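Following: one structure in structure tokens, then a few remarks.
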Amino acid sequence: MISVEQALTELFALVAPLGVEKVQLKDAAGRVLAQPVSATRDQPAFAASAMDGYAICASDYVAGKRLKMIGESAAGARFHGAIAAGQTVRIFTGAPVPTGADWIVIQEDVDVISNEVTIRETSETQAYIRPAGADFKAGQTLESPQLLTPQLIALLASMNINEVPVTRCPDIALISTGTELVMPGETPGPDQIIASNTFGLKAMLEQMGANVRLLPIAHDTLPALHTAFGLARGADLIITIGGASVGDHDLVGGVTANLGMERAFYKVAMRPGKPLMAGKLENSVMIGLPGNPVSAMVCGVVFVQPIVRAMLGLGQTAAPHLNATLSEDLPQNGPRAHYMRAQVANGKITAVERQDSALLSVLAQANALLLRPPHDPARAVGEQVPYIAL
């Protein structure tokens, strides 16, 4: 067995960022910016009013001052003349500031009779003018790689970027193995169970932006497994669930070896999730996950998600570790890293009582994996312990 850290290192060595493609900005949300992009214009492109009011010369900002209104400047319809001392232009938020104006007096602070504007209040200390380029200037760059959030999509739009270079979405093939499995909605036989792992993993990976193919269940026979791997051919990442152990019905290791897989490792010193396998099969990375539902999902968090992030060009980093205060004593840990289902609330973390790797109901209630390193000593209430957020 190898450590979790060694396993991640081996997995990262198998992958590289995928290629770049261009997509329309309207389709870029949730994608990863693959190359830097630069603004094509200043924002704002002109000095603009930050308030509804009246554009004036700053020297006219005097209580009781009477000004002649000579026009109007609205968003999308600027005033084309210039103003001089003693003059003003009605102006609205976002409208271009007329030539000669360097102050906006807000509409609440004036009295207006016909075309005469009288400044009544002069308590404001800011001009309410947004300078040209105050947000960003032409040529300013949005660096890559980074996940394109709604905020960044809005920024790209204002930079006048319509096509965005993004990392290609990983193509991932999921294969559930086991004669005992049936699909949700089917009627299981007396000795059968419902396939759940692939659905949880599919949801997990699609949230990351991957294209996930859910292949038919592969029964525990050589022909079924060969058919499944044939359907998965060409995927960037092939993930099998179950069948990677050493029992008489665990055939994945032998089949992948016959297909020419270059194995990177088998078995990791962790629980749940020890029977983990990985390697390279033709041009695909292959990861064999354990069949126990919680084991598969935990390995998805600890191993698969970091690998997908690496494929997307987001770097080779493990799942982020946070810290919380332990709310109950924990006994000494054994020789394998233990990822305990836990609940975090108000900065405190509590390991759930039942840690059986078959209990999806417990995993569904957890919002964290409390990390116990190998041979971690007993921990007392109040100590800080690391965890991975779910």
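The values are calculated or read from the model by the stated rules, or taken from the named source; none is laboratory data. No experiment lies behind these values; they were computed from the predicted model shown. All Cβ positions, glycine included, derive from the backbone under ideal geometry; neighbour counts span all protein chains shown. Note: areas computed on protein heavy atoms with side chains; ligands, DNA, RNA excluded. Shrake-Rupley method; radii C 1.70, N 1.55, O 1.52, S 1.80 Å.
Any residue that is in a loop (DSSP other than H, G, I, E, B) and of a type in the set (Gly, Ala, Ser) - is there at least one of those in the range 271-286? Yes, the range 271-286 contains at least one residue that is in a loop (DSSP other than H, G, I, E, B) and of a type in the set (Gly, Ala, Ser).
Checked against (1) touching a residue at least 12 places away in the same chain (Cβ under 8 Å); (2) not in a strand (DSSP E or B), Tyr339 passes all but a single condition, namely (2).
Just a yes or no: is a residue in the range 161-178 touching a Cys at 6+ places or on another chain (Cβ under 9 Å) and more than 30 Å from Val298 (Cα to Cα)? No, that holds for no residue.
Going by what's in this entry, would Arg263 be described as more than 15 Å from Gly200 (Cβ to Cβ), at pLDDT below 95 and among the charged types (D, E, K, R)? I'd like the intermediate steps shown before the answer.
Numbers: more than 15 Å from Gly200 (Cβ to Cβ): yes; at pLDDT below 95: yes; among the charged types (D, E, K, R): yes.
Yes; evaluated as a whole, the condition is true for this residue.
None of Ala138, Ala203, Ala154 is without any contact (Cβ under 8 Å) to a residue 24 or more places away in the chain, over 26 Å from Asp52 (Cβ atoms) and outside any strand (DSSP E or B) except Ala203. Looking only at residues of the range 209-249 that are assigned to a loop (DSSP other than H, G, I, E, B) and of a type in the set (A, V, I, L, M), we find that the one that is modelled with the lowest pLDDT is Val246.
For the range 106-131, residues that are part of a loop (DSSP other than H, G, I, E, B) and surrounded by 17 or more Cβ atoms within 10 Å (Cβ to Cβ) total 2. The single condition among (1) free of Cβ contacts under 8 Å to residues at least 60 places away in the same chain; (2) out of contact with any helix residue (DSSP H, G or I) (no Cβ under 8 Å at 6 or more places or on another chain); (3) in a loop (DSSP other than H, G, I, E, B) that Pro374 does not meet is (1). Yes or no: the range 39-54 includes at least one residue that is surrounded by fewer than 14 Cβ atoms within 10 Å (Cβ to Cβ), outside any loop (DSSP other than H, G, I, E, B) and touching a strand residue (DSSP E or B) at 6+ places or on another chain (Cβ under 6 Å). Looking for residues that are surrounded by fewer than 14 Cβ atoms within 10 Å (Cβ to Cβ), outside any loop (DSSP other than H, G, I, E, B) and touching a strand residue (DSSP E or B) at 6+ places or on another chain (Cβ under 6 Å), one finds none in the range 39-54, hence no. Of everything in the range 291-315 that is over 15 Å from the mean Cα position of the chain (by Cα) and open to solvent by 10 Å² or more (accessible area, probe 1.4 Å), the residue that is nearest to Ser176 (Cα to Cα) is Gly291. When residues in the range 1-36 are screened for being surrounded by fewer than 18 Cβ atoms within 10 Å (Cβ to Cβ), farther than 30 Å from Lys267 by Cα and of a type in the set (A, V, I, L, M, F, W, C), 4 of them pass.
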